[in-house]
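What follows is a short report on a single structure.
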Amino acid sequence: MKRKRSAKKKPVVHPSGDSRYNTLDLTMKQFKFEKDALLEVLNVAQGLFGYLSEELLIYVSRQLHVPMSKVYGVATFYHMFTFEPLGEHNCIVCTGTACHVKGSDRIVQTVSEAFNISDGETTADGLFSLTTARCLGSCGLAPVVVLDGKVSAKETPESTMRKVQDVVALTKAEIALA
């Protein structure tokens, strides 16, 4: 008796055709679609897509069989999640008590005015976003700024502006050369 060779399975593609959903599905599968994996799944989703769109939140809700209200509640509770696309460069300013006492509000004001954006906004050219966090857990380093994932301690409005202007100028120069 001959065994039938199994045909190679074609990967299942999300109806949108976006392969990032396949990666997200693999993550959920790794966690056995457990409801307790919600935070990790949202973290991976934001890493893949850059932000959590309503469509993406609904998808996670359905796949994990978690009510949309809980998915949205978790996503809005943690400062690391965003619901709008961020700029190419992102500056997070801690506004926790220690940072506030040591002048983080002046950092936010200075950067806001320089780029003509408010907290949670992105410049029109999409190069820079300014966000704040309730607390980054580094109170001994206050005021703390995270620019493109790099933590900077004991910041001032002037030192933050120099760093932000440097990364934005470098990107503009790269764009001009392209």
Computed over region 20-77, the distribution of all Cα-Cα distances in 5 Å bins, rounded to whole %, is 4, 21, 39, 26, 9, 0
Two pseudo-spin positions, 7 Å from Cα along C-beta at residue 40 and at residue 18, lie apart in nanometres by 2.3 nm
Out of 112, 19, 53, a Gaussian network model of the chain with alpha-carbon springs under 10 Å gives the largest mean-square fluctuation to 19
Note: region 89-177, point scatterers on Cα, Debye, no solvent; log10 I/I(0) at q = 0.10, 0.14, 0.21, 0.22 Å⁻¹ equals -0.23, -0.43, -0.92, -1.00
Region 89-177: relative contact order from alpha carbon pairs under 8 Å, six or more residues apart, as a whole percent, is 36 percent
Computed for the chain: size of charge dipole around the Cα centre, +1 on C-beta of each Lys and Arg, -1 on C-beta of each Asp and Glu, debye to nearest 20, value 1600 debye
According to the Cβ-distance criterion of 4.7 Å, cysteines of the chain with no possible disulfide partner are 91, 135, 139
The base-10 log of I(q)/I(0) that the Debye equation returns for the chain at q = 0.10, 0.15 Å⁻¹, one scatterer per C-alpha, is -0.51, -0.94
Filtering trypsin sites (Lys or Arg not before Pro) in region 24-109 by DSSP loop and by at most 14 other Cβ atoms within 10 Å leaves 32
Given Cβ charges of +1 for Lys and Arg and -1 for Asp and Glu, the option among 94, 169, 124 whose Cα lies farthest towards the positive end of the dipole of region 45-178 is 94
Per the helix-only model, the chain has a calculated mean residue ellipticity at 222 nm (DSSP H runs of ≥4, -39500 (n - 2.57) each, divided over all residues, rounded to the nearest 500) of -14000 deg cm²/dmol
Across 46, 30, 63, the residue with the highest GNM fluctuation in the chain (Cα network, 10 Å cutoff) is 30
To the nearest 20 debye, region 20-77 has a Cα-centred charge dipole, built from +1 on Lys and Arg Cβ and -1 on Asp and Glu Cβ, of 100 debye
With the 8 Å Cα cutoff and a minimum separation of six or more residues, the chain has a relative contact order in percent of 17 percent
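FYI, it's all coordinate maths here, none of it is from the lab. All figures in this text were calculated on a predicted structure; none of them were measured in a lab. Because the Cβ atoms are built from the backbone with ideal geometry, glycine has one as well, and the counts that use them run over all protein chains shown.
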